[in-house]
Every structure is written in C-alpha cells, then in structure tokens.
Amino acid sequence: MHATDTDITRMTGAILARYPARATSLLPILRDIQTELRHVPRQAMCQVGAALNLPLTQIQGVTEFYAFLSTEPVGRYDIRLSDSISDHLLGSRELGGYFAERLGVQPGLTRADGLVRFDYTACTGLCDQGPAGLVNGYALSRLDRNRVDQIVELVNGEIPLTDWPQTLFAVEDNIRQAGLLLNDTFSPGAALAQSLARGATATLEEMTRSGLRGRGGAGYTTAMKWQFCREATTPAAPSYVVCNADEGEPGTFKDRVLLNRHAHRVFEGMTVCALITGARQGFLYLRGEYLHLYQPLQAVLEARRQAGLLGCNLRGQSGFDFDIHLFLGAGAYICGEESALIESLEGKRGVPRNRPPYPVTHGYLGCPTVVNNVETFVAAASIALHGGDWFAAVGTAKSRGTKLLSISGDCERPGIYEYPFGVSLATILADCGGETAFGVQVGGPSGSFIARREFERRIAYEDLATGGSLMVFGPERDLLAIVRNFTAFFAHESCGFCTPCRVGTSLLKNTLDKICTGHGTPYDLVELTDIARQVQTASHCGLGQTAANPILTTLECYPERYQARLKAIRFEPGFDLDGSLAQARALTGRDDAQAHLAQVED
Ligand code: SF4
C-alpha cells in the first residue's frame with residue numbers, strides 16, 4: 001500500500017522533529033525517511049529542504065549518491081547479497097541466482113507485489129562467514145540454500161523481521177589469533193584516568209614514543225596528527241574527533257570485531273584524543289552495513305555517560321567536556337576517505353575534498369579535525385594506559401606494534417589475526433591454513449596482488465602496508481575473474497567527481513569484460529594498460545589512484561594468464577553489432593546473421 005501525500009507529510013514531519021534543524025542532520029533524516037517510506041519521495045525532499053533551509057538539488061543529490069537511499073520505492077523486504085570476491089569464492093553468485101528465482105524477482109528489481117526487492121551490494125564486512133547479505137540493512141551470514149528457503153518463506157509469509165530466527169542474524173567474531181591489543185585487559189576509564197594523572201602534554205609524548213601510525217592504511221603518525229590539531233584549535237575553530245568506522249574495503253572486517261568486543265576502548269581512545277586536542281565533540285561514523293552494531297554501540301555510549309566517562313567535567317576534571325555522537329552511513333565506499341567522510345557528516349554527497357588544506361586543520365565545518373581508524377583508537381587507548389614503550393617494543397623499527405588482519409578466501413580458518421608488524425605472508429598463510437595459495441590480495445582491491453614467489457614479503461609500512469584485508473586465492477582460481485570483480489567494484493563505487501576515474505574505471509571494466517568473455521585482442525591489452533596508467537596518475541583521490549592496482553599488479557605477475565584469454569586477431573570491436581541486430585532480423589524475417597561483418601583474421 002502506497003503512502004498518501006498526507007501520510008508523507010505527517011511521517012516526514014515526525015522525523016524532522018527528532019533532529020536539530022541543520023544541514024548536518026540531513027543524512028540521518030533521509031535514512032529515517034527511507035526506512036519508514038521505503039524511499040525518499042520528492043514531496044519529502046521538499047519538506048526536508050524547507051525545514052533545513054537547503055536547496056532541493058542538494059537533497060536530491062545526496063539521496064541519489066548513497067546506495068541505501070532510493071527515489072523509487074523498494075520492497076518491504078530489501079534483500080541484498082554481498083558481491084565481494086570472498087563471497088563469490090563461497091558460491092554467492094550461484095546462490096544469488098537461486099535466491100532471485102525462489103523470490104520470483106529479477107536482481108535489481110522490486111517484485112510486482114511490492115513485497116520484496118533483491119539485489120547485489122558491495123562487501124558487507126562478513127567475508128569470514130559468507131555468503132553474506134543484508135535484509136533491510138541487517139546482516140545475514142552463512143547463507144546457503146536451506147537458509148534461502150527459510151528466508152523466502154518468511155518473506156512470503158510477511159513475517160516481521162523481529163520475529164525471524166536470530167540464527168539468521170548471528171555474526172561471529174572469529175578471533176583466531178590475539179596479540180598485544182586483543183589480549184590487553186582493559187577496564188573502562190582506566191586509560192582516561194592514567195592520561196589525566198599524567199596530563200595532556202605528557203600523554204601526547206607517550207603517543208609519540210609509541211610510534212603509533214594510522215591503521216587505516218596510509219600510516220600517518222598519530223601523535224603528529226593530534227599535535228597539529230591541538231595547535232590549530234582556537235575558541236573560534238573548535239576541534240573535533242572522528243572515528244572512521246566506515247570499513248568498506250572489501251575483505252576487511254576487523255573493525256566490526258573491535259566495535260563488537262572493544263567498543264569501550266574505541267571510545268576511550270577518542271576521549272584521550274579529545275583530552276590532548278581540546279575537542280568537545282566526537283563522531284563515530286559507522287558504515288551502514290554494520291547496522292546490527294548501532295544499538296549495542298549506543299548502549300555503550302550511554303553506559304559511559306552514566307559512568308562519567310562522557311559528558312561534562314569528565315572524571316571530575318573541570319572544563320573537560322566531551323561527548324560522542326554515533327553517525328550511520330548509507331552505503332558509499334568512498335566515505336572511507338577522510339574528507340569524503342567529513343562531507344557526509346556535514347550532510348553532503350561523499351565527494352573527496354581538494355587537499356590541502358587537510359582535515360587536521362580544516363575538517364568538519366572547516367574546523368581542526370582528527371580522523372582516525374577504529375584500530376588506531378584502540379591502540380591509542382592501550383598506549384595511554386601502558387605507555388609508549390610498551391607498544392614500541394613490538395614490531396619493526398618503522399612499524400611499531402601489531403596489526404590486525406581480516407583473513408578470508410581460500411583458507412581453512414578465516415577470521416581475525418593479530419601479528420607484530422614484520423610477520424611474513426608465508427607465516428600468516430601457514431597459520432590460517434592457506435599454504436596452497438597461488439596468490440594473496442593484500443589491502444583489498446586497492447592494495448596489491450602478491451604472487452606465491454613473493455610470500456616471504458612482510459606486513460609492515462616499509463614493505464606491505466595494509467588497512468588489514470588479506471584475501472587468499474587457491475591454485476584453481478581464475479585470476480581474471482578476481483581482477484574483474486575488483487574492477488567492477490571500483491567502477492561502481494567511483495563518486496563521479498573527476499573524469500579520469502569516472503570514465504576510466506568504466507573503460508577498465510568494459511575492456512576487462514571483453515577480455516574475460518573471450519573477445520579481447522592484443523590491442524585491448526595495450527589499451528587496458530594505457531587506461532590503467534591514466535586512471536592511476538590523473539585521478540583526484542585514492543579511490544581512482546588505486547583502482548587500477550589489481551590490473552597492473554596482476555599483469556606484471558601473470559601476463560600469461562591475460563595472453564591466454566586473447567583472440568588471435570588484432571582488433572575486435574567492443575560493441576556486438578550483430579547481437580544488437582538480432583531482434584531487428586527476427587522482426588523483418590531475415591536470417592543473414594553476420595552478413596555485414598567482413599573481419600579478417602590473422
Ligand atoms: Fe570520485 Fe574517483 Fe575522482 Fe575520487 S578519483 S574524486 S572517487 S571520481
């Protein structure tokens with residue numbers, strides 16, 4: 001049943017009343033409208049625009065930008081299956097075909113009765129327990145035909161999600177190997193007490209001594225970032241602390257586990273940062289795919305408020321005020337880029353900013369902002385408690401401490417592994433039961449493909465820097481299918497702001513599709529390399545600059561696998577003219593397929 005204009009006005013009004021009337025409320029408001037009305041109708045956009053004093057174009061632009069918002073109604077059950085390569089290895093594509101058939105709906109469409117929509121989505125952060133998916137944003141794990149049958153029955157029976165068996169939503173932590181951080185015993189408030197006793201300046205010195213570098217992958221020195229922010233903070237430009245929990249890199253899921261098991265430590269690390277920088281407000285930007293963590297995290301925040309660990313005069317220190325707001329994303333990989341994340345927090349499309357200036361001096365609302373990864377804040381809290389030397393004693397000279405890895409793919413024991421920096425791939429593969437791998441993708445699709453002959457290489461900023469994704473590929477896997485999946489991912493996730501990435505990633509995808517479907521020629525391989533180089537060098541942000549990595553690194557390691565897929569002819573058009581004319585031939589009764597073609601083969 002469709003909502004009437006009166007319903008839309010009433011529901012939108014009720015949602016608007018929950019939020020402050022300012023631009024930064026836009027995304028949460030649109031999320032709520034989507035949840036209640038199953039889309040964001042134009043009428044609601046106008047109403048929101050009037051209430052927040054924003055132009056309709058901005059509201060429409062934001063709605064169309066995020067994958068979890070839509071301008072057309074989706075089904076009451078919105079089912080999305082993860083399209084991550086780790087899920088593919090577990091048979092997700094075949095399962096998706098079965099799912100769609102059983103539901104009686106084409107992927108990407110809503111069923112005629114409006115009850116259910118089925119589609120694929122980017123990695124849902126459950127690569128260790130796939131095939132995985134989402135229903136109305138909530139995680140579904142370990143899907144198989146039995147579970148699919150069960151879900152189809154629940155959907156067709158119109159059973160409310162709250163009455164579905166909880167086993168369907170079970171998400172395991174799968175911690176396989178714990179180290180310095182995961183073994184650390186930590187009681188809420190202990191790091192903060194220690195920091196207050198030591199003082200902000202001395203705590204910053206401990207951070208410096210620890211050698212902690214950002215765990216998101218870029219590896220910027222944490223203490224330096226905090227110090228720059230501290231120095232840029234003024235009464236007119238107050239600082240902010242942002243935890244980047246938009247863990248969208250396919251194959252990464254360690255932040256999910258940290259948020260589930262060690263939320264106090266994440267928030268405490270943010271609070272220590274606030275003590276040092278002088279920030280009074282923090283945000284944790286949680287990826288939309290981790291909706292199941294939203295309420296538990298809110299509960300932890302509330303418990304901290306009750307315990308005097310958030311709010312005013314923390315732990316009795318007059319003037320030390322700090323609170324954290326949980327902000328839910330809406331399905332956009334690019335929001336993992338720190339300036340895009342800040343744009344999103346401000347109620348805009350997640351388009352990366354020009355840099356410099358950097359967020360540390362001109363971030364949220366133009367003010368100094370520290371953006372750090374979940375794992376970085378966990379490490380910071382433990383360092384504040386135990387001191388910098390405790391942390392610096394582990395790892396290598398340039399990479400102190402430990403790294404959490406999310407391991408998935410062709411291995412016996414997928415899950416979370418914590419290692420001191422400097423560990424070799426060979427050791428990791430032996431531990432997770434992936435010894436027979438022919439290659440591993442380190443750092444997700446934007447990282448590097450490492451061939452078997454390089455398995456002595458080490459996880460460290462000075463060798464293989466990674467945000468934590470490690471995907472294992474067994475000897476029987478089709479390398480080009482893997483690269484094709486990564487390339488399609490980037491083409492889908494490009495924000496469209498700059499031409500080299502917007503057009504280039506689509507050209508890469510199309511050329512790779514052509515090669516993979518057996519129509520590629522040596523000319524296409526040259527084209528592929530040329531486009532890849534242009535995308536890499538001319539793109540505006542990290543997404544475009546790394547989008548061609550899977551192609552370039554595998555072309556270097558395995559040129560023969562590409563060569564083997566090429567046709568012998570020098571050129572073949574990317575557009576199948578004859579196939580496109582098939583319908584016209586049928587309508588006119590012609591049976592002269594390929595009559596127009598005069599192709600000369602070598
Ligand atoms: Fe957007 Fe891609 Fe350009 Fe980055 S490189 S700004 S993701 S279009």
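Taking the highest mean first, how do the peptides 100-110, 263-273 order by number of other beta carbon atoms within 10 angstrom per residue? Walk me through the numbers on the way to the answer.
On the way: 100-110: 16.5, 263-273: 27.0.
Highest mean packing first, the order is 263-273, 100-110.
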Item to check | Per-pair calculated FRET efficiency, R0 = 41 Å: Thr35 and Ala237 via Cβ, rounded to 0.05 | outcome: 0.70
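Using a 10 Å cut-off on Cβ atoms, rank the peptides 255-262, 297-304, 500-507 from the highest mean neighbour count down.
Working: 255-262: 22.4, 297-304: 16.6, 500-507: 20.8.
Most protected by this proxy first, the peptides run 255-262, 500-507, 297-304.
Compute the whole-percent fraction of alpha carbon pairs in region 446-602 spaced more than 19 Å apart.
On the way: 7468 of 12246 pairs.
Summing the P(r) tail past 19 Å for region 446-602 gives 61 percent.
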Checklist entry - For the chain, what is the charge dipole size about the Cα centre, in debye to the nearest 20, if Lys and Arg each add +1 at the Cβ and Asp and Glu each add -1 at the Cβ? => result 1400
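Okay, helix-only estimate at 222 nm for the chain: each DSSP H run of n ≥ 4 adds -39500 (n - 2.57), divide by all residues, round to 500 deg cm²/dmol; what do you get?
Details: 25 runs with 256 residues, N = 602.
So the calculated ellipticity at 222 nm is -12500 deg cm²/dmol.
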Item to check | Amide H within-cut-off set for Asp119, under 5 Å, with H built and near neighbours excluded | outcome: Ile79, Arg80, Leu81, Gly108
Next on the checklist: With +1 on the Cβ of every Lys and Arg and -1 on the Cβ of every Asp and Glu, and nothing else charged, how large is the dipole of region 1-61 about its Cα centre, in debye rounded to the nearest 20?
Outcome noted: 140
Item to check | Furthest towards positive pole of dipole, Leu404, Thr588, Thr511, structure part the chain, Cβ charges | outcome: Leu404
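So if each residue of separation counts as 0.36 nm, and I subtract the Cα-Cα distance between Ala21 and Leu161, what length gain in nm does that give? Spell out each step's value before the answer.
On the way: separation 140, 0.36 × 140 = 50.40 nm, distance 3.12 nm.
Extra length from Ala21 to Leu161 when fully extended: 47.3 nm.
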Next on the checklist: Looking at the calculated P(r) for region 59-175, what percent of the C-alpha pair distances fall above 20 Å?
Outcome noted: 39
Next on the checklist: I need two numbers for region 177-223: Rg to one decimal and Dmax as a whole number, Cα atoms only, in Å.
Outcome noted: 12.6, 34
Next on the checklist: Compute the helix-to-body angle for 294-306: its Cα long axis versus the longest principal axis of the chain, expressed 0 to 90° and rounded to tens.
Outcome noted: 10
Checklist entry - Could you give the radius of gyration (one decimal) and Dmax (whole number) of the Cα atoms in region 145-205, in Å? => result 22.7, 61
Checklist entry - Quick one: ranking Lys254, Lys509 by accessible area, 1.4 Å probe, largest first, what do you get? => result Lys509, Lys254
Item to check | Share of carbon and sulfur in the accessible heavy-atom surface of region 30-124 [1.4 Å probe, %] | outcome: 49
Checklist outcome for this item: In degrees rounded to 10, the 0-90 angle between helix 56-65 Cα long axis and the longest Cα principal axis of the chain is 70
Item to check | Given charges at Cβ of Lys, Arg, Asp, Glu: region 242-367 dipole, positive-most of Tyr358, Ser344, Gly308 | outcome: Gly308
Checklist outcome for this item: Kirkwood Rh over alpha-carbon pairs of the chain plugged into Stokes-Einstein at 25 °C, 0.890 mPa s gives a D in µm²/s of 96
Checklist entry - Can you tell me the Rg and the Dmax, both Å, for the Cα atoms in region 307-379? => result 14.5, 41
Item to check | Antiparallel bridge percentage (DSSP; both residues within the chain; nearest 5) | outcome: 45
Checklist entry - Between Ala197 and His492, what FRET efficiency follows from the Cβ-Cβ distance if R0 is 51 Å, with the result rounded to 0.05? => result 0.55
Checklist entry - For the charge dipole of region 391-526, defined by +1 on Lys and Arg C-beta atoms and -1 on Asp and Glu C-beta atoms about the Cα centroid, which residue among Asn485, Ser469, Ala392 has the Cα displaced farthest towards the positive pole? => result Ala392
Checklist outcome for this item: One computes Rg over Rh for region 471-519 from alpha-carbon atoms, with the Kirkwood Rh, and obtains 1.06
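The values are calculated or read from the model by the stated rules, or taken from the named source; none is laboratory data. Computed from a prediction, not measured in an experiment: that's the story for all the values here. Glycine also receives a Cβ, built like all others from the backbone with ideal geometry; neighbour counts cover every protein chain displayed. When the accessible area is computed, the model is the full protein with side chains, heavy atoms only, and any ligands, DNA or RNA have been set aside. Shrake-Rupley method; radii C 1.70, N 1.55, O 1.52, S 1.80 Å.
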